[in-house]
1. Skipping prolines and chain starts, which residues have an amide H placed within reach, meaning under 5 Å, of the one on A:Gly175, given they are 5 or more residues away or on another chain?
2. Rounded to whole Hz and in sequence order, give me ³J(HN,Hα) for the range A:116-122 from the Karplus expression 6.51 cos²θ - 1.76 cosθ + 1.60, θ = phi - 60°, writing x for Gly and Pro.
3. Residues with beta-carbon under 13 Å from that of B:Leu107, excluding B:Leu107: net charge, scoring Lys, Arg +1 and Asp, Glu -1?
4. Pop out the ³J(HN,Hα) list for the range B:212-228 in order, Karplus 6.51 cos²θ - 1.76 cosθ + 1.60 with θ = phi - 60°, rounded to Hz; leave Gly and Pro as x.
5. From the square roots a ≥ b ≥ c of the eigenvalues of the alpha-carbon gyration tensor of the range B:75-213, which class results: rounded (a/c under 1.5), prolate (a/b over b/c), or oblate?
6. Once both axes come from the Cα atoms, what is the angle between helix A:4-13 and the longest principal axis of chain A, in degrees from 0 to 90, rounded to 10?
7. Please grab the % of Cα pairs in the range B:36-143 that end up more than 23 Å from each other.
8. Tell me the relative contact order for chain B as a rounded percent, counting alpha carbon contacts under 8 Å between residues six or more apart.
Amino acid sequence: MWTREQIAARAAEELTPGSYVNLGIGLPTLVANFIRPNQRITLQSENGLLGVGPYPARGTADADWINAGKETITANAGASTFDSATSFAMIRSGRIDVALLGAMEVAANGDLANWMVPGKRVKGMGGAMDLVAGVRRVVILMEHCTHAGESKLLKRCTLPLTGQSVVDRVITDLGVFDIEDDAFVLRELAAGTTLERVREATAGTLRISPSFH
Amino acid sequence: MVEGSKQVLGEQVRRRDRASKVVSDPREALSVVQSGMRLLVGGFGLCGVPETLLATLAELSVGDFEVVSNNCGVDGFGLGWLLEAHKLRQITASYVGENREFERQLLLGSIDVCLTPQGTLAERLRAGGAGLAAFYTPTGVGTSYAENKEIRVFEGKPFLLERALRGHIALVKAEVGDRSGNLIYRGTARNFNPLCAMAADYTIAEVESLVDEGALEPDSVHTPGIFVDAILHSPGEKRIERLKEQMAAVN
């Protein structure tokens with residue numbers, strides 16, 4: 001089983017050198033710690049910054065520089081700032097190569113639910129619906145099961161959708177899965193877990209190629 | 001134009017001419033605000049919010065506002081002040097977490113919330129400020145948000161029709177402004193401010209520093225002065241919502 005840090009490290013590995021990437025709040029934010037400088041990744045923050053840098057050094061935080069999670073950050077050399085309409089112009093027009101996002105449920109048809117649970121307090125979708133509608137590749141990082149032990153990789157989502165048929169890949173504590181032909185296709189098995197465990201934890205259709213046996 | 005706004009603003013509030021945009025007192029700047037108006041408020045979280053204008057507005061007798069803003073402040077800061085003073089009837093936002101007073105009023109039914117995807121909210125304001133009526137966007141197609149919205153297919157892909165959004169008054173924050181209302185924002189404090197400034201019948205800008213005409217390079221102006229009716233110099237109090245610093249030197 002992968003830890004949250006290992007999920008984040010695995011996600012960082014698959015970013016194509018030179019790409020523009022948007023990191024969601026929570027687990028995806030950790031990915032920034034694992035991106036190597038020679039990957040030349042440019043991070044976009046939808047509140048208006050292209051070229052997000054590390055957190056500020058102690059005592060240098062500046063209220064005018066934050067990320068979409070409202071955390072203080074810095075800007076890298078070569079960064080640019082812009083208004084929210086320009087920010088979402090980049091997002092909707094396909095300029096951002098990858099969005100790494102968290103999720104509550106992913107379905108085998110690529111549907112994503114990550115913004116509301118009916119009956120619980122609704123906080124809002126923020127920029128998630130725009131991101132999944134416009135970013136070229138959507139990769140979900142999440143725990144494979146809920147705290148109650150129920151699968152989050154489903155045949156169909158039960159929660160209200162953020163987007164329809166938008167997810168390309170899911171990275172969980174159990175492994176890496178691609179969405180293809182209404183199935184979760186196992187690409188990598190996390191160290192310390194078994195195919196048996198993946199099968200019982202995946203409610204949606206699962207395809208495992210013979211090479212794993 | 002906001003429906004009916006000409007009647008509201010036309011008689012009593014004349015747009016300020018170039019010579020007299022500078023206002024020295026926040027109460028004077030806000031004297032155009034009337035109960036029931038739709039206010040567009042700049043800021044993302046607590047970054048780039050017009051703190052002085054909001055703090056002053058919370059003390060005035062006007063209320064029953066409909067607010068358009070990406071977020072709704074936090075308890076004890078920003079739009080949180082207007083919530084605590086029970087001055088909000090409705091809020092249009094993309095994300096309204098981090099605010100217990102908001103949650104309480106929502107459960108009581110004393111405030112209405114209209115959740116809008118962040119990019120759609122930004123573009124609705126941009127369209128409103130650009131004289132457009134509506135636009136089509138791919139955001140939200142196939143979700144419950146799209147219910148009751150017109151869908152049209154362009155080149156095989158479905159899009160939602162979204163209406164432009166305007167307000168009676170915009171309250172925005174900039175780092176620097178000059179006497180003709182030209183504004184320059186700093187860092188990620190720009191966010192929704194230029195969009196709100198363009199989309200209102202009357203825009204009040206709060207600036208950290210006020211300079212004379214000629215002090216700003218024309219090329220560096222973000223919001224041209226034509227979109228700004230009143231300008232208030234106020235250093236304000238900037239607040240950090242989530243302080244994050246590097247744990248230690250990383251090598």
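1. Amide H to amide H, under 5 Å and 5 or more residues apart or across chains, A:Gly175 pairs with A:Ala190.
2. 7, 10, x, x, 9, 5, 8
3. Once positives and negatives cancel, what remains is +1.
4. My calculation for the range B:212-228 gives 6, 4, x, 7, 9, 5, x, 5, 9, 6, 8, 10, x, x, 4, 8, 10 Hz in order.
5. Details: a/c = 2.36, a/b = 1.23, b/c = 1.92.
The shape class here is oblate.
6. 70 degrees
7. Working: 1567 of 5778 pairs.
In whole percent, the share of Cα-Cα pairs in the range B:36-143 beyond 23 Å is 27.
8. Working: 550 pairs, mean separation 58.0, N = 251.
Taking the mean separation of contacting Cα pairs over the length of chain B, I get 23 percent.
The values are calculated or read from the model by the stated rules, or taken from the named source; none is laboratory data. Keep in mind it's a predicted model, so treat the numbers as computed, not measured. Methodologically, a virtual Cβ is constructed for each residue, glycine included, from the backbone with ideal geometry; neighbour enumeration extends over all protein chains shown. Ligands, DNA and RNA are stripped out before the accessible areas are found, and what is left, the full protein with its side chains, is counted by its heavy atoms. Shrake-Rupley method; radii C 1.70, N 1.55, O 1.52, S 1.80 Å.
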